[in-house]
Amino acid sequence: MRRFTEGFRGYVFAVLFCLALVGIFLLITPQSREEHIPRVDYSMTLADLRRTASYEVVAPEPVPANWVPNSSNVDRNAYVTWRLGFATAKRSHAMLAQSDEPGAQFANRLANTDKVSGSRQINGETWQERFRPDKKQRSLVRLQPGATVVVTGLADWDELAQLAGSLKPQPKTTSTPTPNGTATPR
């Protein structure tokens with residue numbers, strides 16, 4: 001036994017023994033091979049936005065098949081801006097952004113370019129196409145009175161058009177207090 005615990009042979013034996021234990025541990029430990037994309041429920045954000053935004057809010061109805069909403073953020077600093085991020089069916093990234101910030105300023109910042117490379121018709125609406133080659137970022141921009149909608153990301157044009165085509169106006173809601181102190185939507 002002493003020859004297994006001393007000298008170079010002892011060192012080699014200890015290392016091999018440890019590697020064998022690690023190998024056995026890795027073989028018997030369950031491992032998940034499924035992708036994990038965080039999913040967010042943006043319904044509360046959308047309801048709040050429908051109540052407080054001064055512009056007509058649009059949202060995907062329904063969310064395109066196999067798309068995962070993974071971020072939702074409302075910024076109310078100088079303007080009311082909503083960003084809704086998605087992992088697309090092809091596992092690329094797309095984002096819907098809308099704001100009452102002045103149109104050209106908002107569109108240029110979100111698209112990372114002020115150069116319009118074309119246009120396309122989606123559900124009877126004209127959208128500007130913008131492309132930033134160094135970032136491989138594609139953007140569809142719709143300038144409206146009072147609000148600007150930008151669909152942008154690394155997704156291909158077809159996926160961005162799919163998201164833009166799924167957008168539906170959301171009716172404005174208000175809430176009124178009831179005698180028991182809770183608010184009810186109208």
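Scan segment 18-32 and tell me whether some residue there is among the polar types (S, T, N, Q) and closer than 25 Å to F131 by Cβ.
No: segment 18-32 contains no residue that is among the polar types (S, T, N, Q) and closer than 25 Å to F131 by Cβ.
If a residue counts only when it is surrounded by fewer than 14 Cβ atoms within 10 Å (Cβ to Cβ), which strands (runs of 3 or more DSSP E) contained entirely in segment 1-106 have at least 1 such residues?
Correct list: 68-75.
Could you list, in sequence order, the residues of segment 122-170 that are part of a helix (DSSP H, G or I) and either surrounded by fewer than 19 Cβ atoms within 10 Å (Cβ to Cβ) or more than 18 Å from the chain's Cα centre (by Cα) (or both)?
W157, D158, G165
All of the numbers you see were taken from the coordinates with simple rules; none came from a lab. All of these numbers come straight from a predicted model, not from anything done at the bench. Note: ideal-geometry Cβ built from the backbone for every residue, glycine included; neighbour counts use all protein chains shown.
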